[in-house]
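I have placed the structure first, in the form of structure tokens, so that the comments after it can refer back to it.
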Amino acid sequence: MTFKYDDAVAKRARMMAERVSFAKNNDLYFYNQPISELLGGSKVLVNGREMGMYASYSYMGLIGHPRINEAAQKAVAKYGTGTHGVRSLAGSLDLHLELEERIADFKHAEACVTYTSGYVTNLTIVSTMVGRGDWVISDKLNHASIVDGCYMSGAKFVRFNHNDMAHLEKRLQQAGDATKLVIADSVFSMDGDIIDLPAVAGLCKKYNAWLMIDEAHSVGVLGATGRGIEEHFDMPNDTIDIKMGTLSKTIPSVGGYVAANKELIDFFRHASRAYIFSAALPPAQAAAANEAFKVILDEPWRLEKLHKNSDQFINGLKDRGFDTMLTETAIVPVLCGTDEKAYAMTQKSQAKDVFVLPVVSPAVPDGLARLRATITANHETEDIEYAMDVIGDAGKELGVVS
Ligand SMILES: *Cc1c(COP(=O)(O)O)cnc(C)c1O
């Protein structure tokens, strides 16, 4: 493999290429497989094969929803496919304002601002809020976009042990009188467990710290109407100062948002660099997201079915002897142990048309490699039984369960 310069860049690229080709040569490469068609329900066409999808973030099964597709098509007819630039200059459409009002209403917040991805939202919000001399305090299992935002901000970046409230309190005390921002995922993306919001919020109040929660995996999943973690814990609407979320998971579009009080949103609109220096959401995606929030409220059966399906899946895997860790949500880790076992479990499941993916170190600690399966409102009872039988048989063959 030759590069223009034989330097550190070439070395990094070569090391990665070696890992990828090792995986490919050993039939252990599961990434970047293209889906060529939606087949209805939870089925998709992958490499010409009909597979049950157990790795999707479309928790309510809204990808392909007729109302949402139609909203996107109408937006293209009316506005075209692009915008005239960044939001603060010529890029704003009435569609964006409608979407932001809709999200603010859905999240029971005063106002909202959107960005073109959830990743970028976390980068720009954390680095707009805090900087040198301030403290940002983050759960150890937070998403990479939060971690990157913390580094980018230049604030003092410290972590607390996962969901460990005594440790968080120690961190808050260490920060003393400095300006403090506490951040956590609502539902953790590798484990499926839920942050102890009542305790975190109590500590933030006690130590005058801002609280930001990333709801990527809780919107459309938690709460009686799918509004998220405050509704789940039956807490007041102003418990979280900065309610961040993505438009790319339950909401079948792309983009990110934060909902908060008017003063903060106004600040973000005029100071966050991703708003000022990156183009607006395209019309089709803004319209699709807007319609999706309506569909969630109009079709409450989706949330009920998601809960029923998650219960069936989590309990069925436990009955088959698997350790699903502390999940209470639609993200279901199936502990395998070594990376090799997780790869072999994936191989055997995919060979029987169950599309699951592995998570291995360094994404998770050594020895805690797993399948990270997800469940949606689109799965049917008998499909879930089939998937669990396939995973169960693989587990027995490989000695993951007895
Ligand atoms: C997916 C995800 C993001 C990033 O959202 P995108 O819209 O895909 O960029 C941020 N935070 C968490 C917890 C996520 O799971």
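Largest mean-square fluctuation among LYS24, LYS205, LYS140, in a Gaussian network model of the chain whose springs join Cα atoms under 10 Å apart, belongs to LYS24. The share of accessible area on the chain that comes from carbon and sulfur is 52 percent, using a 1.4 angstrom probe.
Relative contact order, whole percent, for the chain stands at 21, derived from Cα pairs under 8 Å and 6 or more residues apart. ASP27 sits with roughly 110 Å² accessible to a 1.4 Å probe, with DNA, RNA and ligands left out of the calculation. Taking 19 Å as the straight-line reach from the Cα of LYS156, the aspartates and glutamates in range (excluding those fewer than 8 positions away in the same chain) are ASP134, ASP139, ASP148, GLU169, ASP177.
Of all lysines in the structure, those lying under 30 Å Cα to Cα from LYS294, and not within fewer than 8 positions of it along the same chain, are LYS43, LYS74, LYS78, LYS107, LYS243, LYS249, LYS262, LYS305, LYS308. Looking at region 66-298, the DSSP beta bridges with both ends there are about 40 percent antiparallel. Annotation: amide H of GLY337 within the under-5 Å range of ALA369, sequence separation 5 or more or interchain, hydrogens built in the peptide plane.
May I ask you to derive the relative contact order of region 66-298, considering only C-alpha pairs under 8 Å and at least 6 residues apart, and to give it as an integer percent?
Relative CO of region 66-298 lands at 31 percent.
Each residue of region 76-83 was assigned a 3J(HN,Hα) from its phi angle through the Karplus expression (A = 6.51, B = -1.76, C = 1.60, θ = phi - 60°), giving 5, 4, 8, 10, x, 9, x, 10 Hz with x at Gly and Pro. The separation of region 261-311 from region 180-228, counted between C-alpha centres, amounts to 17 Å. Global size of the chain: 21.7, 62 Å for Rg and Dmax (C-alpha atoms, Rg to one decimal, Dmax whole).
Relative contact order of region 218-274, taken over Cα pairs closer than 8 Å and 6 or more residues apart, is 19 percent.
Heavy-atom accessible area per residue, the chain, 1.4 Å probe: how many Å²?
Heavy-atom accessible area per residue stands at 45 Å².
Each residue of region 11-22 was assigned a 3J(HN,Hα) from its phi angle through the Karplus expression (A = 6.51, B = -1.76, C = 1.60, θ = phi - 60°), giving 5, 4, 5, 5, 4, 5, 4, 5, 4, 5, 6, 4 Hz with x at Gly and Pro.
Close amide H partners of ALA373, meaning residues 5 or more places away or on another chain with modelled amide H under 5 Å apart, are VAL332, VAL334. Please work out whether region 1-90 counts as rounded, prolate or oblate from its C-alpha gyration tensor, where a ≥ b ≥ c are the square roots of the eigenvalues and a/c under 1.5 means rounded, while otherwise a/b larger than b/c means prolate and anything else oblate? It is oblate, given that a/c is not under 1.5 and a/b is not larger than b/c. Among beta bridges from DSSP that stay inside the chain, the antiparallel ones total about 55%. Taken along the Cα-to-beta-carbon direction at a fixed 7 Å, the label points for ASN161 and LYS294 span 4.9 nm. Accessible area per residue was computed with a 1.4 Å probe on protein heavy atoms; HIS143 scores about 70 Å². Rounded to the nearest 20 debye, the dipole magnitude of region 253-402 is 480 debye, with +1 charges on Lys and Arg beta carbons, -1 on Asp and Glu beta carbons, and the Cα centre as origin.
For region 79-194, the Cα-based Rg and Dmax, in that order, read 16.9, 52 Å.
In sequence order, region 235-241 has phi-based couplings of 10, x, 5, 10, 5, 9, 6 Hz under the Karplus curve 6.51 cos²θ - 1.76 cosθ + 1.60, θ = phi - 60°, and Gly or Pro positions carry x. What the Cα convex hull of region 66-298 gives, in volume per residue, is 107 Å³.
Scanning residues 5 or more positions from ALA363 or on other chains, none has an amide H under 5 Å from its amide H, with H placed 1.01 Å from N in the peptide plane. A simple spin-label model places pseudo-atoms 7 Å from Cα toward Cβ; at ASN208 and ALA224 they are separated by 3.7 nm.
Taking 17 Å as the cut-off, the amide N atoms of region 184-206 that come nearer than this to a point 7 Å along the Cα-to-beta-carbon line of GLN174 belong to 184, 204.
The values are calculated or read from the model by the stated rules, or taken from the named source; none is laboratory data. Predicted, not measured: the structure shown is a model, and the values here were computed from it. Cβ: placed from backbone, ideal geometry, glycine included. Neighbour counts: every protein chain shown. Surface areas here come from the heavy atoms of the whole protein model, side chains and all, with no ligands, DNA or RNA. Shrake-Rupley method; radii C 1.70, N 1.55, O 1.52, S 1.80 Å.
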